[in-house]
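Written out below as C-alpha cells is the structure these notes cover.
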Amino acid sequence: MKLSFEPALVASGEDGEGRLVYRGDYLVAVLVRLSAAHEAEAGGWFLEKGFGPLDGPNPPTFAGLDEARAWIAAQLAHHFDGKYWP
Amino acid sequence: MTSPEMRKRELSRLVVKLRTIADLSPTAEQALLALPLRLKVFEENADIVSQGDEPSECALVVDGFACRYKVLGEGQRQIMSFHSSGDIPDLQSLHLRVMDHSLLALTPATIAFLPHGPLLALTREHPDIAAAFWRDTLIDAAVFREWLAGVGRRSARQRIAHLICELYTRMRAVGLTDGSSFELPVTQAELGDALGLSSVHVNRVMQELRRDDLIVSRGRHIAIGEWERLQAAGDFDPEYLHLREQRAA
C-alpha cells in the first residue's frame with residue numbers, strides 16, 4: 001500500500017517542519033526535520049514517533065525523505081501481519 | 001610488577017575513593033597501598049574486561065573514564081554505569097567467576113589490575129576492608145536502582161540532569177572536580193546509550209539545560225550553572241550515593 005507524506009508543524013523543539021506519514025488511511029509515523037543545533041545531522045529527518053511496528057527504543061535519523069520512505073516501507077513490509085490495521 | 005612507590009601512587013586513588021564511603025584504619029590503608037598490581041594502558045573504546053571472561057584480577061581505574069555495558073540484539077548497546085579514577089567496576093569478579101557484562105575504556109585509560117588472591121587475603125585479614133568493599137557493592141546496587149527508576153520513569157530532561165548531578169557529586173567526593181566544573185568525556189551517543197535516549201533527544205536536552213543556565217558546557221567540559229535548580233530538574237537527591245560527607249557545592 002502507498003505511503004503518503006503530509007506536511008505538518010510538529011512541536012518537538014526543532015524548527016517545526018515535519019511530515020505525517022500515512023499508510024493508506026493509517027498514521028504510521030511522524031518525522032521532523034533536524035535544526036542546525038544537530039550539527040552533522042542538521043537538515044536530516046528524525047523518526048520523532050513511530051506507531052505500531054515502527055515504535056521502538058532506537059528511533060533512526062535519515063539523510064533525506066527518500067531514505068526515510070525506504071526504511072519505513074521496509075519495516076512495514078517486514079512486520080506486516082495484519083495486527084495493526086485491517 | 002611496579003615498584004612499591006609507584007604502586008602507592010596508583011593505589012592511593014583506591015584509598016581516596018574508599019574513604020568517601022567507609023572508615024578505614026591506618027593499618028588497613030597501609031595494607032591496601034601494598035597490594036601487588038599490574039598496570040596497563042587502554043586505548044579509547046577498548047574493552048578492559050569482556051562479557052564471558054573469567055578474570056583472575058580486578059580492574060582499578062587509575063586514570064581515564066570507563067563504563068559497564070551490555071550489547072543487545074541488532075548491535076544496540078546499553079551503558080549501565082560510568083566510572084572514574086578510584087573505582088573498581090569489576091569488583092564483583094572477586095566472587096562471581098564469569099563476567100555477565102563488559103567494561104570499556106571511554107577515553108584512553110590507565111588500569112591497575114589487582115590479582116584476586118592477594119585481594120581476597122586482604123579482605124580476610126582486614127574486616128574493615130571487607131566491609132568497605134561490601135559497602136561499595138551495596139552502593140553500586142543503589143546506583144543501579146536509581147538508574148532503573150530513571151530509565152523507567154523519568155523524562156529525558158530529568159534523566160540527563162540527574163546523571164550530571166550524580167557524576168558531579170561522585171567526582172567531587174574524590175577530588176576530580178575543579179570548583180563547579182568537571183570533565184564529562186562522553187559523546188551524546190554514549191549518553192543516549194546510558195539513558196535509553198536517542199542522541200537527538202540528548203542534544204535537545206543539553207541545549208535546553210544550557211539555555212536555562214543550569215549548565216555551561218564546552219566540548220567535554222561541564223560547569224554547573226545553578227546547582228539547586230539542576231538538582232530539582234533532575235529530581236536528584238544524593239542520599240543513594242551514601243557518601244560520608246556531602247558538602248554543598
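The values are calculated or read from the model by the stated rules, or taken from the named source; none is laboratory data. It should be emphasised that the depicted structure is a prediction, and the values quoted were computed from it without experimental measurement. Here the Cβ positions follow ideal geometry from the backbone for every residue, glycine too, while neighbour counts run over all protein chains shown. SASA here: full protein model, heavy atoms, side chains in, ligands and nucleic acids out. Shrake-Rupley method; radii C 1.70, N 1.55, O 1.52, S 1.80 Å.
Rounded to the nearest 0.05, what FRET efficiency is calculated for B:D237 and B:E44 with R0 set to 30 Å and r the Cβ-Cβ distance?
E between B:D237 and B:E44, to the nearest 0.05, is 0.35.
Taking Cα atoms, how many degrees apart are the long axis of helix B:116-125 and the longest axis of chain B, rounded to 10 and kept between 0 and 90?
80
Please work out the Cα convex hull volume for the protein assembly as shown and give it in Å³ per residue.
147
Please list, short to long, the whole-number percent of alpha-carbon pairs of segment B:61-177 in consecutive 5 angstrom bins beginning at zero.
2, 9, 16, 23, 22, 16, 8, 3, 1, 0
If you rank B:M80, A:M1, B:M6 by how much accessible surface each has, with a 1.4 Å probe, what is the order from largest down?
Highest to lowest solvent-accessible surface, that is A:M1, B:M6, B:M80.
How many angstrom lie between the C-alpha centres of segment A:31-74 and segment B:166-242?
The distance from the Cα centre of segment A:31-74 to that of segment B:166-242 comes to 26 Å.
On the Cα set of chain B, report Rg and Dmax in Å, please.
Cα radius of gyration and Dmax of chain B are 18.0, 54 Å respectively.
So, in nm, how far is label A:A42 from label B:R211 when the simple model puts each one 7 Å beyond its Cα toward the Cβ?
Distance between label points: 1.5 nm.
Per DSSP H run of n ≥ 4, the term is -39500 (n - 2.57); total these for the protein assembly as shown, divide by its residue number, and report the mean residue ellipticity at 222 nm rounded to 500 deg cm²/dmol.
Helices in the protein assembly as shown give a 222 nm mean residue ellipticity of -12000 deg cm²/dmol.
At a 1.4 Å probe radius, which order do A:F62, A:F5 fall into by accessible area, largest first? Please list the in-between numbers first.
Values: A:F62 10, A:F5 40 Å².
Greatest to least solvent exposure: A:F5, A:F62.
What is the angle, in °, between the Cα long axis of helix A:65-79 and the longest principal axis of the Cα atoms in chain A? Nearest 10 is fine, range 0 to 90.
30
Can you quote the Å³ per residue value for the convex hull of the Cα atoms in segment B:4-143, rounded to an integer?
It is 98 Å³ per residue.
Within 10 Å of each Cβ of B:200-209, how many other protein chain Cβ atoms are there on average? Could you put the intermediate results ahead of the total?
Values: counts 15, 5, 0, 7, 8, 1, 1, 4, 1, 0.
Average neighbour count from other chains, rounded to a whole number: 4.
Compute the acute angle (0 to 90°) between the alpha-carbon long axis of helix B:199-211 and the principal axis of greatest extent of the alpha-carbon atoms of chain B; round to the nearest 10°.
Between the helix axis and the principal axis of chain B, the angle is about 70 degrees.
Where does each of B:K40, B:K70 land when they are ordered by accessible area, with a 1.4 Å probe and the largest first? If you can, show how the numbers build up before the last one.
Values: B:K40 90, B:K70 70 Å².
Output order, biggest surface exposure first: B:K40, B:K70.
Can you pull the three principal axis extents for the Cα set of segment B:154-241, in Å, largest first?
Principal extents (largest minus smallest coordinate, Cα): 32, 26, 23 Å.
Using only Cα atoms, locate the centre of segment B:19-60 and the centre of segment B:76-143, then give the distance between them in Å, rounded to an integer.
A separation of 7 Å, based on Cα centres.
From the P(r) of segment A:4-86, can you give the percent of Cα pairs sitting at distances over 21 Å?
Roughly 25 percent, once rounded to a whole number.
Give me the 1.4 Å probe accessible area per residue for the protein assembly as shown, excluding ligands and nucleic acids, in Å².
So the protein assembly as shown comes to 49 Å² accessible per residue, rounded to a whole number.
Using only alpha carbon positions, build the gyration tensor of segment B:39-118, then give the equivalent ellipsoid semi-axes as the square roots of 5 times its eigenvalues, largest first, whole angstrom.
Working: eigenvalues 71, 52, 18 Å².
For segment B:39-118, the ellipsoid semi-axes come out as 19, 16, 10 Å.
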